[in-house]
Each structure stands twice: as structure tokens, then as C-alpha cells.
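The structure under discussion appears below in the form of C-alpha cells.
The values are calculated or read from the model by the stated rules, or taken from the named source; none is laboratory data. Just so it is clear, the model here is predicted, and its values are computed rather than measured. Here the Cβ is made from the backbone with ideal geometry for all residues, glycine too, and neighbour counts use every protein chain on show. SASA here: full protein model, heavy atoms, side chains in, ligands and nucleic acids out. Shrake-Rupley method; radii C 1.70, N 1.55, O 1.52, S 1.80 Å.
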Amino acid sequence: MTDMHTNLWKKTAALGLTAALLLSGCGGGKEKEPEPTPTPTPTPAAESKAPVDFSKYNAYLGLADALYEMEEVLEAYFASVNYAPEFALVEGGDYAAIKDTFQFYTPDTYPAREALEYVEEEPAYPAADEAVKNLGSSPADVMGALNHIASYVRFNEFEDDGMAKAPELHAELWTALETYDQYYGVFLTAMDDLAEQTQAEDLAQLLEEGEQILYYSRSLLETGSDILENIMDQLTMAAAVTDPGADFVPPVLDMTGLADLFAQVQTDYEGLSQALESQEEREKIQSFTGTAGDSSLKLYTSKATALYGAMGQLAEAAMAGTDYTAAFDAAADALNGMVDQYNRVI
């Protein structure tokens, strides 16, 4: 769970979900509790067909978002503590090091509980449904265990008792992970597969309906996601053949496939820019009209431009064979920023 290969795979799965987020939408369904919501998800364009209820899909995406946040906390923990039933620090490990991550972690078990409530409802997502069933209460159990550890380190209790309670808290976490570790990856993969199944069809419909701002926005975001996932796949393969005791060095990227994707980013951005300059196209987006229309348009344009620029810098670093990790992180942040803005204004 804590080797480089596994950690990179976690990030790859989460990146794949960026594409899945683009396919979700708002719909009727269960009334949600007044708790923090997961990462916003873009809603689909209005369809001429009967409205589709995306409530279940959104609930599953909320769970996926919560799992990804939790994986980052687990990664920080097992960077200092052995991934084993018995509590022990890794060689050179420092229990105090986990405080930086844990002191700000506030678990939200609602997405896990909500997903279970939807599991028997239509539409059926067989692979995801089965994974949610198998996960059961384990995500909430892991969150609870992590919260107990967070409370333990937040006020330096571990220093006061010489880590006497650490083995007990580790045992609680390990028990919760027994089920969770078996199925969280299966669930994330199932959600990624759902996105891929409908992505092309969804874009084709937007283009057919003449929704150019929606079409080019979605295409830009999905192409950006594909680029990040392609790079993560290459990092994962490189990590798999790296000695566990050696420092991981990001490989020179194989540009086969990536070159076409970067070119598509250029095409998508130019198409989106042209559409945003068209009054006819802007009038199709309610947020771009009225008194607040200009400010919404300006902010949305800035997010698209930021993503385009970040992808350009990533392309330059990748093609030059230089260290691209910082450019990768910047591109991921820009992608998430535009996804969030898409939700707000589209």
C-alpha cells in the first residue's frame, strides 16, 4: 500500500475521475444532510431527451472524492509508520511528521453513508454497485480511525505519553483497512470506466446541438485529464521497475499519444476562445448574461486561459526532457480550478 507503485496508482485513479466528474449532473433524489459537499461536478447540457437523474452518480462521485482525500492522509501516515499489523516506525521514521497532515484532517463520513443508500437504486452501475457494497462501512471506519489519530497528534498527546497509545490507534486503523484496501481501487476503476463509456457520446451530442461553449469546455477538460492520466501511467510503470529502496526518478516521457493530446488542447482552447467571443454563443449560457454576466465571463475565461497556459508549460517540459513534476502539479491545479468554475457558471 505504501510503495511508490501503489501511491502513484492511487493518484492515477483519482486523475481518471476528473473525466468522470465531467459526466455527472444534478438531479432529484434523496435530501442531503447539511454537511460539507464533495468536489463540485460539472452538470451536463440540457438534453432534448427525458431528463436523467444523476443523483446516484453524484453520490458515488462524492464517495470517490472522499476516498482520494483520505488516501493522501493514509500516505502521510504510512510514510512514517510501517504498513504492517504491528505498530512500528519505518527506518528513520518520525511519528511527529504525520502531524503536518493530520492536524488539518476533518473526516466527512456522509459521502460514504450516502453512497450505500443509493446502491440498490436505478440506474444500475454493476461494477461500482458491487464495489460500494463490498466497501460497506469500511471507508467510514477508516475515517474514524484516522480522526482518532488526528486527535492524538493535534495537541501533541503522543509526546506526553511517549507514543504509548500509538499501537492501539494503529490497530484500529489496520482493522478498518482490511476491507477497505481490497475494494477502494476496484471502486475508483469502476467510476473511471463509467466515464469512458459515455464521454464520446456526450460530447457528440453537445456538438450536434450547437452548444459550442459547452462542447469546447468539456473537450478541453477531458483532454487535459487524459494528458495527466497518460503521464501518471508512465510514472506508475517506471515505479514498478524501480528498486523499492532507491530514490524514484521520473522517467523521460514517451510522447507517443501525448503529442496529439497537447495538440488537441490547442484546438479546444482556440474553439472555446472563439465561442466565448460570440454573443450568440454567450447568450446560451445564463451565467454569461445579465448584470453579472461580464464578471462571470471574465473569470471563466481566466480559468480556461490558466489551464491552457499550464498545459503549454507541461508540454514544453515534457518535450524538452526536463523535470516536469512541478509543471504537472500546476496543470492538475489548473484543471481542477476550471472544473470548479465550470460548475459555478455553466
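If you filter the range 117-167 for GluC sites (Glu not before Pro), then keep DSSP loop positions with at most 13 other Cβ within 10 Å, what is left?
Glu120
May I ask you to derive the FRET efficiency for Glu209 and Val90 from their Cβ-Cβ distance with R0 = 45 Å, giving the value to the nearest 0.05?
Values: r = 55 Å, r/R0 = 1.22.
Once the sixth-power term is evaluated, E becomes 0.25.
In terms of modelled amide H atoms, which long-range or inter-chain residues lie less than 5 Å from the amide H of Val81?
Distant-sequence amide H within range of Val81: Val90.
Principal axes first, then extents: for the Cα atoms of the range 171-225, list largest minus smallest coordinate on each axis, whole Å, largest first.
Its Cα atoms span 56, 17, 13 Å along the three principal axes.
What does the highest-first list of 329-342, 221-234, 248-261 look like by mean Cβ count within 10 Å? Show your work: numbers first, answer last.
Working: 329-342: 19.5, 221-234: 22.4, 248-261: 14.1.
By packing density, highest mean first, the sequence is 221-234, 329-342, 248-261.
Quote the charge dipole size of the range 140-214 about the Cα centre in Debye, to the nearest 20; the model charges only the Cβ of Lys and Arg (+1) and of Asp and Glu (-1).
Once rounded to the nearest 20, the dipole reads 380 debye.
Quick one: Karplus J couplings for the range 131-142, per residue in order, coefficients 6.51, -1.76, 1.60, θ = phi - 60°, nearest Hz, x for Gly and Pro?
5, 5, 4, 5, 5, x, 8, 4, x, 5, 5, 5
Skip the ligands, DNA and RNA, and give the accessible area per residue of the range 177-273 with a 1.4 Å probe, whole Å².
Working: 4460 Å² over 97 residues.
Solvent-accessible surface per residue comes out at 46 Å².
Short version: what are the Cα gyration tensor semi-axes of the range 51-118, square root of 5 times each eigenvalue, largest first, in whole Å?
Working: eigenvalues 222, 27, 16 Å².
For the range 51-118, the ellipsoid semi-axes come out as 33, 12, 9 Å.
Could you size up the charge dipole of the range 77-200 around its Cα centre, putting +1 on the beta carbon of Lys and Arg and -1 on that of Asp and Glu, and report it in debye to the nearest 20? Please list the in-between numbers first.
Working: 5 positive and 24 negative charges, 56 e Å.
With Lys and Arg at +1 and Asp and Glu at -1, about 280 debye.
Just to check, using Stokes-Einstein with a Kirkwood Rh over alpha carbon pairs, what's the diffusion coefficient of the range 257-346 at 20 °C and 1.002 mPa s in µm²/s?
Working: Rh = 14.0 Å.
Translational D for this selection: 153 µm²/s.
Tell me, what % of the accessible area of the range 199-286 is carbon and sulfur with a 1.4 angstrom probe? Before the final figure, lay out the partial values.
Working: 2110 of 4490 Å².
The computed percentage sits at 47.
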